[in-house]
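**Q** Below: one structure in structure tokens.
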Amino acid sequence: MFKYPKPLSVESGCKVMWRTYATRQEAEEASKVAEKEARVRISQGYDFGYSSPGSIRTKEDGTYTVTCP
């Protein structure tokens with residue numbers, strides 16, 4: 001249903017997951033998908049806690065991590 005670009009790695013938490021990308025462009029594409037998915041999940045009653053789906057964080061190694069539902 002939600003098609004994300006292929007990440008370098010994925011980490012899972014209890015309320016969100018984090019997908020890491022090599023380029024800012026991939027991260028921005030993933031961010032848009034995450035925001036759309038979050039809107040659907042919120043309407044279904046999901047709670048993301050203090051996390052913000054769609055946010056992008058630049059890591060020290062130059063990759064980009066996107067918070068996803």
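The values are calculated or read from the model by the stated rules, or taken from the named source; none is laboratory data. Model, not experiment: these values are computed from the prediction. So basically every Cβ, Gly included, is an ideal-geometry build from the backbone, and we count neighbours across all protein chains shown.
**Q** Tell me, yes or no, whether region 38-55 has at least one residue that is assigned to a helix (DSSP H, G or I) and closer than 11 Å to residue 68 by Cβ.
**A** Taking region 38-55 and keeping what is assigned to a helix (DSSP H, G or I), we get 38-43.
Okay, now just the ones that are also closer than 11 Å to residue 68 by Cβ, so 38, 41.
Yes: region 38-55 contains one or more residues that are assigned to a helix (DSSP H, G or I) and closer than 11 Å to residue 68 by Cβ.
**Q** Considering only residues of region 41-56 that are under 21 Å from residue 28 (Cα atoms) and in contact (Cβ under 8 Å) with a residue 12 or more places away in the chain, which is surrounded by the most Cβ atoms within 10 Å (Cβ to Cβ)?
**A** Within region 41-56, the match that is surrounded by the most Cβ atoms within 10 Å (Cβ to Cβ) is 53.
**Q** Still on this structure: What are the pairs, 6+ residues apart or on separate chains, where a residue within region 9-28 that is free of Cβ contacts under 8 Å to residues at least 60 places away in the same chain and outside any strand (DSSP E or B) has its Cβ under 7 Å from a residue that is loosely packed, with under 15 Cβ neighbours inside 10 Å and not hydrophobic (A, V, I, L, M, F, W, C)?
**A** These pairs meet every condition: 15/47; 15/49.
**Q** Mind listing just one residue for me: the one in region 56-69 that is under 17 Å from residue 10 (Cβ atoms) and in a loop (DSSP other than H, G, I, E, B) and, of those, modelled with the lowest pLDDT?
**A** Filtering region 56-69 down to residues under 17 Å from residue 10 (Cβ atoms) leaves 56-57, 59, 61, 63-69.
Now drop any that are not in a loop (DSSP other than H, G, I, E, B), which leaves 59, 61, 63, 69.
Working: 59: 98, 61: 98, 63: 98, 69: 95.
Taking the candidates together, the pick is 69.
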